[in-house]
Amino acid sequence: MLTARFCCSLRRRVPLPSSTLVAIRNVPLHATFSASAHCRSLSAHPPPASVEPLTIGIIGSGPAGFYTAQHLLKNLSHAKIDMYESLPIPYGLARFGVSPDHPEVKNVIHKFASIAEDSRFRFVGNVTVGRDVPFSKLASCYDAVVLSYGAAEDRKLGLPNEESTKNVFAARAFVGWYNGIPEYAGLEPDLTSSDTAVIAGQGNVALDVARTLLTPPDVLAKTDITEHALEALRKSKIRHVHLLGRRGPLQIAFTAKELREMIALPDTKLDVDINVVKEQVSADAEALATDRQRRRLMELLVQGATKKFDSPTARTWSLKFMRSPAGLVQSQNGSLAAVQLEKNRLEGSLQNPKAVGTGEVEELPAGLLIRSIGYKSVRLFDEVPFDPKRSLIPNVKGRVVDGDAPVPGLYVSGWLKRGPSGVIAATMYCAIETATAIVEGLQAGHFATRVASRGPGGFDALEPLLKAKGVDPVSFSDWKHIDRVETELGAKRGKPREKLVDVKAMMDVVAAGRANR
């Protein structure tokens, strides 16, 4: 059973509800969630419902925002929630971060849709807070504001020419390209100039990218992968994918389920140095004896590497341990030709060793490099405290703090709260924690002054300002027109949906839907 580990002080496991288990997997990371210090155990009994009116704005429409809204609506009978999203479409990484061949993970969207149908909830799409409306103006219209806009940037390798070398991409961009994020629709990766790709990272996102590159296109054609990505993958010459890890096999971040999927790919062989795996397993045998998940991963690695094939395979994927990207070699036209790798040695504890470069460099020919070494949140609003070292908004149990002082009416949820890690289940539990902090704040009288001083607020107070600027907010009813068009387009191609990847096209559908009401 998949579990979420939270409440660092109690260090206990809490089984997920069966209804949640159906929908949980990577977005974009998987496995048991090791909670940050921000997460805590929830009371077995939720706070009593409140009859106090409270107007709440949520910025960001991904899982963190929707789960926060769900538990606020559950515990505050008179709450009114407006959720702001810069795109005309909701759901964030539940739509854009899940691999196309994992449709069951996206079932959580059905739950979010039911939340959006609540009469106390309003979706406000196509509105960018900070650009279309100042954050300070928006905050003044609500008793509480929850920031849940996630991690907007990727971490870089820090190599010379990393930004200028062609065909070097962040996993965020590459996944966005095949998953339909409008920002990355025009990415145009070159998949035909080389038969080899390198992925820096050994987590679930890295495996998602590798699996997408190596899965037969006819299989992907039955998913909601974007048509432009499918056509590029049909023409792709990529047959070999190398995943780099700066440490050893015991430090890989992907899960057994993801590894099994990779091993099961047809006509695709895993290449891994079994001796390195066996050496580390032997050296850390005592710890592995009580770590069933890690032990099972090592067993699967060996099984996958020794899997027999009736004939030579057309495709391969490898796990290269104790290697760090050290440089990029460009071709004459500025495209990637090879990746220079520095060999590492491990120092320190067996469970959490440090990778130290040896100075020995090898060259790996490749025409595509995807960096998948993590994400980071960014500061969007000057008025909101931000910790650049940890790439999150400082908070105590979801309540934003500036130093030691709580910021009145300001809360945070999701990756922006705890850092970019954890599955949807982890996001759900931390969202509950944030919602609980708001409910408890109301019960403690924290909002009394704000509620008493605020006039008519919420989106109704902001709508005239947005209209004056020519901004066209999208409602959830408007989104349902887009949803219907996407599913109809997909049905024509034998897919669950064909995502619109152009904002103008989305707004044209919205306009047509409004005209036909």
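The values are calculated or read from the model by the stated rules, or taken from the named source; none is laboratory data. Because the structure is a prediction, the values reported are computed rather than measured. Glycine gets a Cβ as well: all are built from the backbone with ideal geometry, and neighbour counts include every protein chain shown.
Structure notes:
- For segment 382-399, the set of residues classified as touching a residue at least 60 places away in the same chain (Cβ under 8 Å) and either hydroxyl-bearing (Ser, Thr, Tyr) or crowded, with 19+ Cβ neighbours inside 10 Å (or both) consists of Val384, Ser391, Ile393, Asn395, Gly398, listed by residue number.
Residue-by-condition table, conditions (1) closer than 28 Å to Lys495 by Cβ; (2) under 13 Å from the mean Cα position of the chain (by Cα); (3) at pLDDT 95 or above:
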site: Leu159; (1), (2), (3): no, no, yes
site: Glu162; (1), (2), (3): no, no, yes
site: Tyr184; (1), (2), (3): yes, no, yes
site: Asp190; (1), (2), (3): yes, no, yes
site: Ser193; (1), (2), (3): no, no, yes
site: Val198; (1), (2), (3): no, no, yes
site: Asn204; (1), (2), (3): yes, yes, no
site: Val209; (1), (2), (3): yes, no, yes
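- For Lys278, the conditions (1) exposed (fewer than 15 other Cβ atoms within 10 Å of the Cβ); (2) within 21 Å of Leu243 (Cα to Cα); (3) under 29 Å from the mean Cα position of the chain (by Cα) all hold with the exception of (3).
- Flag for Ser61 being closer than 30 Å to Lys469 by Cα, crowded, with 23+ Cβ neighbours inside 10 Å and of a type in the set (S, T, N, Q): yes
- Filtering Ala337, Ala326, Ala355, Ala425 for residues that are within 24 Å of the chain's Cα centre (by Cα) and either among the hydrophobic types (A, V, I, L, M, F, W, C) or in a strand (DSSP E or B) (or both) leaves a single hit, Ala425.
- Any chance Lys376 is under 26 Å from the mean Cα position of the chain (by Cα) and either in contact (Cβ under 8 Å) with a residue 24 or more places away in the chain or not assigned by TED's automatic domain parsing to the domain that holds Val129 (or both): yes
- Remark: pairs (first residue in segment 400-419, closer than 17 Å to Tyr67 by Cα; second residue part of a strand (DSSP E or B) and of a type in the set (S, T, N, Q); Cβ separation under 8 Å; 6+ apart in sequence or on different chains) = Tyr411/Asn395; Val412/Asn395; Lys417/Asn395.
Rundown of residues vs (1) under 18 Å from Gly62 (Cα atoms); (2) in contact with a Cys (Cβ under 9 Å, 6 or more places away or on another chain), yes/no style:
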position: Asp382; (1), (2): no, no
position: Phe386; (1), (2): no, no
position: Tyr411; (1), (2): yes, no
position: Gly414; (1), (2): yes, yes
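- Count of residues meeting criterion [over 30 Å from Ala283 (Cα atoms) and either of a type in the set (Ser, Thr, Tyr) or exposed (fewer than 15 other Cβ atoms within 10 Å of the Cβ) (or both)] in segment 333-373: 4
- Odd one out for Pro385 among (1) out of contact with any helix residue (DSSP H, G or I) (no Cβ under 7 Å at 6 or more places or on another chain); (2) part of a strand (DSSP E or B): (2)
- Helices (runs of 4 or more DSSP H) wholly inside segment 444-517 that include at least 2 residues being surrounded by 13 or more Cβ atoms within 10 Å (Cβ to Cβ) and modelled with pLDDT of 95 or more: 459-468, 476-492, 503-515
- Residues in segment 365-382 that are assigned to a strand (DSSP E or B), at pLDDT 95 or above and within 22 Å of Arg155 (Cα to Cα): Leu368, Leu369, Ile370, Arg371.
- Enumeration of residues in segment 189-238 that are among the basic types (Lys, Arg) and not in a helix (DSSP H, G or I): Lys222, Lys237
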